[in-house]
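This report refers to the structure that appears directly beneath it.
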Amino acid sequence: MNHDLQINQNAAQTYHSIRNSIVSAQHRLSAAVNSTMVITYWEIGEQIYKACGENDRAEYGKKLLQYLSEQLTAEFGKGFSVQGLRNMRQFYCTFPIRSTLWSELSWSHYRLLMRVPDEQARTFYAEECVKSAWSVRQLERQINTMYYQRILASQDKSLVAKEIQSTEPKPEYEKIIKDPYVMEFLQIQPDTHVYEGELEQALIDHLQHFLLELGRGFSFVARQKRFTLDGQDFFIDYSDSLIIPILT
């Protein structure tokens with residue numbers, strides 16, 4: 001009986017350890033895709049702004065956006081509608097300094113932040129979102145309920161800060177990588193079976209391009225780096241770190 005109990009306890013501990021590894025990998029994967037997507041959309045917004053100038057709704061701007069939307073959609077699929085391209089341009093205009101972007105925030109977070117007209121309030125929401133790891137729905141609720149104004153006026157700021165966990169709890173971990181923007185960005189159809197190899201290929205393609213754009217100081221080592229241990233070959237795949245800073 002005691003032996004069976006010990007086996008059950010060991011099995012439970014092993015399960016929780018494996019589960020934590022899987023959840024951690026999902027978080028790393030989501031963070032890598034989101035960071036690359038945000039930077040890419042910022043770069044697109046910058047190029048559209050430079051091409052259109054101050055007013056993208058003037059005749060030339062409208063025609064340019066329509067042309068870009070048709071060409072990009074034909075080659076890369078969904079995610080490049082005229083309104084989507086306008087959002088990217090607005091993203092660049094709202095956050096014109098690339099180095100000030102928060103890598104922890106997804107494109108969905110930024111789309112919400114762009115709706116906040118007051119710069120101080122917008123910066124406050126972004127910093128609180130990073131510090132408290134708010135989900136997109138949590139950030140949306142805080143903006144809609146004027147959290148910035150309430151926290152400034154409240155004498156018990158800690159109580160106001162804690163209320164989001166009861167009114168809008170964080171989503172289940174399974175929802176982390178189901179953002180449709182991620183699927184569109186990686187050109188994966190949401191109504192098809194997505195296999196590990198396809199996801200790895202799409203993810204690494206974008207990461208490789210991003211790393212090469214960084215230039216000196218970083219090295220893209222391999223898609224699957226082989227190493228040998230005790231006569232056996234092992235491979236580090238996309239769930240492990242392939243980004244190696246070069247120290248000079």
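Read-outs throughout are calculated quantities, based only on the coordinates presented, and are distinct from any laboratory measurement. What you see is a predicted model; the values in this text were computed from it and never measured. Cβ coordinates were reconstructed from backbone atoms using ideal geometry, including for glycine residues, and neighbour counts include every protein chain displayed.
Round to the nearest 0.05 the FRET efficiency obtained for Ser17 and Ala133 when R0 = 25 Å and r is the Cβ-Cβ distance. Present the calculation step by step, with values, prior to reporting the outcome.
Working: r = 22 Å, r/R0 = 0.90.
The formula returns an efficiency of 0.65 here.
Sort Leu105, Leu85 so that the residue with the fewest other Cβ atoms within 10 Å of its own Cβ comes first and the one with the most comes last.
Working: Leu105 20, Leu85 23.
With the sparsest Cβ surroundings first, the list reads Leu105, Leu85.
Between Glu54 and Arg141, 0.36 nm times their residue separation minus their Cα-Cα distance comes to what? Don't skip to the answer; put the middle values down first.
Working: separation 87, 0.36 × 87 = 31.32 nm, distance 3.16 nm.
Full extension from Glu54 to Arg141 adds 28.2 nm.
Nearest 0.05, what FRET efficiency do Leu152 and Lys62 give at R0 = 41 Å with Cβ-Cβ as r? Please report the intermediate quantities before stating the final value.
Details: r = 40 Å, r/R0 = 0.98.
Step by step, r from the Cβ atoms, then E = 0.55.
Return the FRET efficiency for the residue pair Asp118, Ile39: r is the Cβ-Cβ distance, R0 is 41 Å, and the value is rounded to the nearest 0.05. Numbers along the way, then the final one.
Working: r = 25 Å, r/R0 = 0.61.
E(calc), rounded to 0.05, equals 0.95.
Which order do the peptides 134-143, 111-120 come out in when sorted by mean C-beta neighbours inside 10 angstrom, highest first?
Values: 134-143: 19.8, 111-120: 14.0.
Final packing ranking: 134-143, 111-120.
Of the peptides 30-43, 9-22, how do they stack up when ordered by the mean number of other Cβ atoms within 10 Å, highest first? Before the final figure, lay out the partial values.
Values: 30-43: 19.5, 9-22: 10.1.
So the peptides 30-43, 9-22, ranked by packing, come out 30-43, 9-22.
With each pseudo-label sitting 7 Å past Cα toward Cβ, what's the Arg28-Ala74 distance in nm, one decimal?
4.1
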